[in-house]
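Here's the structure, in structure tokens; my notes come after.
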Amino acid sequence: MAPAVNNKLTGLVAATFTPFTTQGEINLSEIGPYIDYLKEKQGVNSIFVNGTTGESMSLSVAERRDLAEEWCRKAKGKMDQVIVHVGCMSLKDSQELARHAAQIGADGIAVISPSFFKPSTADALRTFLHEVSSVAPNLPFFYYHIPSVTGVNILARDILEDVWELIPSFKGVKFSGSDLMDFGQCVSYCQTHWSVLYGVDEQLLAALVMGADGAVGSTYNYLGCHASELMSAFEKGNIVQARTIQFKMQELLSYAKKLGFDLGVNKQLMNELSGLCLGPPRLPVMQCPMSEALTIAKKYRSLFTEC
Ligand SMILES: CC(=O)N[C@H](C=O)[C@@H](O)[C@H](O)[C@H](O)CO
Ligand SMILES: CC(=O)C(=O)O
């Protein structure tokens with residue numbers, strides 16, 4: 001992998017699904033083909049592994065280590081950057097995974113807020129993040145903000161206050177919230193070498209207008225090349241074209257949401273569209289019936305042509 005120093009993360013980042021066997025064990029053998037698919041078919045050059053889409057909170061620490069290692073190994077020479085999400089409910093587990101990420105040559109780590117015992121103040125969360133980062137001080141560090149999932153409604157901007165003093169390796173925020181005021185405040189506060197990455201795929205264009213450096217999301221697994229077109233249309237000032245693509249993404253997701261879009265559906269849709277064998281999700285996420293994924297895949301094919 002390219003050296004992470006001064007290597008600002010921009011553009012599109014796919015948040016990967018975790019491949020499981022039909023028996024529900026992690027399936028490392030599918031990672032190589034998955035990376036090739038993302039690169040060759042979707043034009044995606046960076047990945048965010050063991051995150052929400054990767055069902056990290058349903059995995060054991062040992063499984064997360066094995067997965068992270070395989071993602072890094074197979075991405076070598078193919079992906080620009082591999083960001084490993086290491087957040088856990090337990091500080092000790094997060095630190096173990098952060099140390100491990102440094103050993104295996106990850107390009108960066110991201111940490112989500114604990115969500116069983118929730119931090120009650122920005123300072124509590126900042127201290128937790130600091131404690132994780134301090135065991136891997138040379139690894140670019142990203143705060144992963146996803147209040148709809150964690151239930152932690154602390155403004156991301158409050159986490160950033162003088163954060164370089166607390167976390168010298170701080171490199172940015174993965175912002176998966178829809179509060180565009182908080183997002184804008186993060187962008188305007190951020191240093192130029194940091195990355196502010198947006199994570200609500202259905203409103204990416206709004207975040208680009210607000211100054212996002214890139215995007216991390218689950219739908220870029222199968223909408224990667226279209227989202228790249230959206231981003232380049234935006235960069236060229238062609239807002240009408242960017243909007244047309246965004247509206248199609250919205251149409252697909254609103255259709256899917258009416259049918260009960262969740263991680264199980266999302267994963268089955270990816271299986272159907274990519275031909276990869278990523279298996280079922282792990283409980284408590286339920287496997288979606290094939291017919292539902294097929295209905296959504298049909299909608300996808302009616303909206304998007306192959307790249
Ligand atoms: C809650 C959740 O999983 N958010 C993802 C990223 O953070 C997104 O990529 C969504 O899956 C996507 O925007 C579809 O709603
Ligand atoms: C969507 C995203 O960024 C994640 O799966 O963590």
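Remarks
- Among the GluC sites (Glu not before Pro) in the range 105-166, those placed in a DSSP loop whose Cβ has at most 15 other Cβ atoms within 10 Å are E161.
- Lysine pair count for the range 11-239 with Cα-Cα distance under 15 Å and sequence separation of 8 or more or different chains is 4.
- Equivalent ellipsoid, the range 197-307 (semi-axes from 5 times Cα gyration tensor eigenvalues, Å): 26, 14, 12
- Bins of 5 Å from zero: percent of alpha-carbon pairs in the range 21-123: 2, 12, 23, 23, 18, 12, 5, 3, 1
- DSSP bridge orientation in the range 11-239 - percent antiparallel, rounded to nearest 5: 5
- Partner aspartates and glutamates whose Cα lies under 14 Å from the Cα of K299, excluding those fewer than 8 positions away in the same chain, are identified as E251, E272.
- Footprinting exposure proxy for F20, F116 (fewest neighbouring C-beta atoms within 10 Å first): F116, F20
- Taken over the range 170-216, the alpha-carbon convex hull comes to 61 cubic angstrom per residue.
- Choice from S188, S56, S46 with maximal GNM fluctuation in the chain (Cα, 10 Å cutoff): S188
- Descending principal axes extents, the range 11-239, alpha-carbon based, whole Å: 47, 42, 29
- Neighbour counts of C-beta atoms inside 10 Å place W194, W164, W71 in the sequence W164, W194, W71, starting with the fewest.
- Pair M286, K298: separation of 7 Å Cα→Cβ label points (nm): 2.2
- Between the range 272-303 and the range 102-146, the alpha-carbon center distance in angstrom: 32
Throughout, read-outs are computed from the coordinates displayed, never taken from laboratory work. Just so it is clear, the structure is predicted and the values come from calculations on it, not from any experiment. Every residue, glycine as well, gets a Cβ built from its backbone with ideal geometry; the counts of neighbours run over all protein chains shown.
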